[in-house]
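The values are calculated or read from the model by the stated rules, or taken from the named source; none is laboratory data. The structure presented is a predicted model; accordingly, all values stated were derived computationally and were not measured. FYI the Cβ positions are ideal-geometry reconstructions off the backbone, even for glycines, and counts take in every protein chain you see. Ligands, DNA and RNA are stripped out before the accessible areas are found, and what is left, the full protein with its side chains, is counted by its heavy atoms. Shrake-Rupley method; radii C 1.70, N 1.55, O 1.52, S 1.80 Å.
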Amino acid sequence: MTRAVYSPIGATYGVRMEQFIESDRDYIKYHEKLNKKLQKLRSNLKITTKDTKRYSSKEKFSKVSADDYDNKSKLFGTLMLLYIERDVALCEMYKLRARGRGKLKKSERKILTDRLKKSARGVVRLTDLSKNEPDWNIRAQYLIYAKLITVENLLYGKQAKKKEAENISKGLAIAFAALKFLVTEGKINQDLLDSIRARYEYTLMQYAGGLLTPIDLHNFITNTVLDTKQIGSDELVNIIYEHGFTIELKDVVMEKNDDTIKQINWRSFNCTISDNHLAQLIEDARSITTENISDYSAKIAKWEECLSHQETYISHNAEDIDDEENEQILLAYIKYQTIFTSVSREHDLFNQLWSQWLQMSSLIDEKILKFKELDRIVKNLRNYLEDLMELPGVYSDDELLAQLDLAKLYFTLHITAGCLGHLYQLKHQNVEALALYTDAYTKLTESFDKSQIDSEEIILSDDLLTKDNVEKFITDLKTNLSSIIALAEFETEFRNNKISKYDLSTIDNLSFKKNISLNDANLDNLFPLRPQLLPIGVKPSLFDMAFNYIQYDNGEAQGKPDTRNISMEKPKDSTPSASNATVIDDGENVSSKRRGFLGLFGR
């Protein structure tokens, strides 16, 4: 049995990659999960401070030292790592929101700056905390994470207009070299390296002086690592060299590969790939198979690498490009393939969740949880499809645009009719369910007839949209309509006639009444649509009411009452003796304590 190896990079960037964190809502959920992990870790490490009065003098987290990490638990390093990651997740959420609206709000800018500065201080403390870590792999990953977070702070945390280009490029170059070495040593996965490179490679090429080709990028990383090694000032470089790291410069002249793709035929557009490296990247991206959901990460990262390369080439050679239209068509094609790969991934997730939905029991609570998961995936699908429809070369293609619009409607109606309609039906709200089924059936049939597509005319991938799938969904909607329309009509009449829920139906009258008359036959209320609440009689309370009027003989008040001498009348003697008066007073006290049934009935 193999033991799982702890990976700081895998616990941060790897988790983000595996959970497909892309939207601001995803980062909010990720932030909540990190909070729960931190609460559990603080409790396990016994550094939770329950007494919050004068908290600064009692809290234990700021007092954690390298001695605690070395002698008590290595989890102190994980605790510090997740604290930093929580702040980074919040910053990523605000950055995504800013991209959507085009700018950061003033309040968001302040939070972003403060949290990134806090994260930068946190990684300094993390590296100091783990300075005696005996496992070189974990120590190297802590140092890599520290470099990446420091770069984030330099890029977005500082307000200076002129960024520290040298520190940014140097930090990313050393981090890339160390990550690649860890991949060759089997410490992290290639997918994780591809994800990080896709995120930061363009930034490195930009701040390293406008690098144009991967050969230039590789040589810059090589020179940076070699120069740092000679100085001996970077611990991460020293660690990887101690464990067998080697790197060499590459020749600038690229070898020509005749097997790579040279021509792109996309719909009515044709373009030529003049860059051999870009041609190889596109060929690699197209050759990646996606048998599992996790396989999409590598494919998306490869297409994003193609996109970054083409955007960099166009921006740096705007004046020297002979055929600008050719490069723009190629750029649009790469964008289309990048987004469509994300669409395919979300579609596979949708198919898995929909199969689980169909196999679930009729418990509403479980159905609602599954509905929320499906709704999130369908929202992602809609967003990706809308991004495709806005691309140049797509919005001018009526046939492709119509099929993308049909696909968007197809997935949306699975939520509104397939899920919500079924939930309404389970709650016996037949009129609402009928409205959703009718609306979905009308919209889908009209859109499908308008598109006028046959099986051989489907432009999109067969996995995403087929004529058979659309027709099957239309048939399912028609079946649902047929099964519920009678109940919905009867329920509508039931509501319009304002029949009380306590009125017995004709079936109930036949069951409960012995003598049936013509007035008991109500055609508007033939049978109960759902269980009815009917009033029933309460328990007899005669004895409880009579208990207040029961009195006992004076001589037996202190002991067990003699039921033979119970009298319902008051004594005729109105002037009792002193001894008897005492007994009567006690009897009145007992009577006052026992008065009534639950205090409801008194004298």
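Decide, for region 124-208, between rounded, prolate and oblate: order the square roots of the alpha carbon gyration tensor eigenvalues as a ≥ b ≥ c, take rounded if a/c falls under 1.5, and otherwise choose prolate if a/b is larger than b/c, else oblate. Each step should come with its number before you reach the end.
Details: a/c = 2.61, a/b = 1.34, b/c = 1.95.
Oblate, because a/c is 1.5 or more while a/b does not exceed b/c.
If you count, for each residue, the other Cβ atoms within 10 Å and average over each peptide, how do 200-206, 309-315 line up from highest to lowest?
Details: 200-206: 19.4, 309-315: 17.7.
Highest-to-lowest ranking by the protection proxy: 200-206, 309-315.
On the protein heavy atoms, probe 1.4 angstrom, tell me the percent of accessible surface of region 13-95 carried by carbon and sulfur.
Details: 2270 of 4470 Å².
So the carbon and sulfur contribution to the accessible surface is 51 percent.
Show the residues, 5+ positions off or on another chain, whose built amide H is closer than 5 Å to the amide H of residue 266.
Here the answer is 271, since their amide H atoms fall under 5 Å of that of residue 266.
Out of the GluC sites (Glu not before Pro) in region 337-441, which ones are loop residues according to DSSP with at most 14 other C-beta atoms within 10 Å? Show your work: numbers first, answer last.
Values: sites: 346, 366, 373, 386, 390, 399, 432; in loops: 390.
Answer in residue order: 390.
Could you work out the local net charge near residue 372, counting Lys and Arg as +1, Asp and Glu as -1, over the other residues with Cβ closer than 13 Å to its Cβ? It would help to have the intermediate numbers written out before the result.
Details: positive: 25, 29, 367, 370, 376, 379; negative: 365, 366, 373, 375.
Neighbour charge sum, excluding residue 372 itself: +2.
Once a ≥ b ≥ c are taken as the square roots of the eigenvalues of the Cα gyration tensor of region 296-409, is the result rounded (a/c under 1.5), prolate (a/b larger than b/c) or oblate (a/b not larger than b/c)?
Details: a/c = 4.14, a/b = 2.36, b/c = 1.76.
Judged from the Cα gyration tensor, region 296-409 comes out prolate (a/c at least 1.5, a/b above b/c).
Carbon and sulfur: what percent of region 101-221's accessible surface (1.4 Å probe)? Mind dumping the intermediate values first?
Working: 2740 of 5540 Å².
Its accessible area is 49 percent carbon and sulfur atoms.
With a cap of 15 neighbouring Cβ atoms within 10 Å, and only residues DSSP puts in a loop, list the chymotrypsin sites (Phe, Trp or Tyr not before Pro) found in region 1-47. Don't skip to the answer; put the middle values down first.
Numbers: sites: 6, 13, 20, 27, 30; in loops: 6, 20.
Those satisfying the criteria are 6.
State in Å² the accessible area per residue of region 5-82; use a 1.4 Å probe, count heavy atoms of protein chains only, and round to the nearest integer. Show your work: numbers first, answer last.
Working: 4520 Å² over 78 residues.
That works out to 58 Å² for each residue.
For region 1-119, what does the alpha-carbon gyration tensor say about shape, rounded, prolate or oblate, given a ≥ b ≥ c as the root eigenvalues, a/c under 1.5 as rounded, and a/b over b/c as prolate?
Working: a/c = 2.40, a/b = 1.35, b/c = 1.77.
Here region 1-119 falls in the oblate category.
To the nearest 0.05, what FRET efficiency results for residue 58 and residue 439 with a Förster distance of 56 Å applied to their C-beta separation?
E between residue 58 and residue 439, to the nearest 0.05, is 0.40.
For region 262-350, which trypsin sites (Lys or Arg not before Pro) are in a loop by DSSP, counting at most 16 other Cβ atoms within 10 Å?
On the way: sites: 262, 267, 286, 299, 302, 335, 345; in loops: 262, 267.
Filter output for region 262-350: 262, 267.
Could you sort out which of 37/72; 117/302; 29/95; 33/187; 46/74 sit more than 23 Å apart by Cα distance in this structure? Walk me through the intermediate numbers first.
Values: 37/72 19 Å; 117/302 32 Å; 29/95 16 Å; 33/187 25 Å; 46/74 14 Å.
From the list (37/72; 117/302; 29/95; 33/187; 46/74), the Cα-Cα distance tops 23 Å for 117/302; 33/187.
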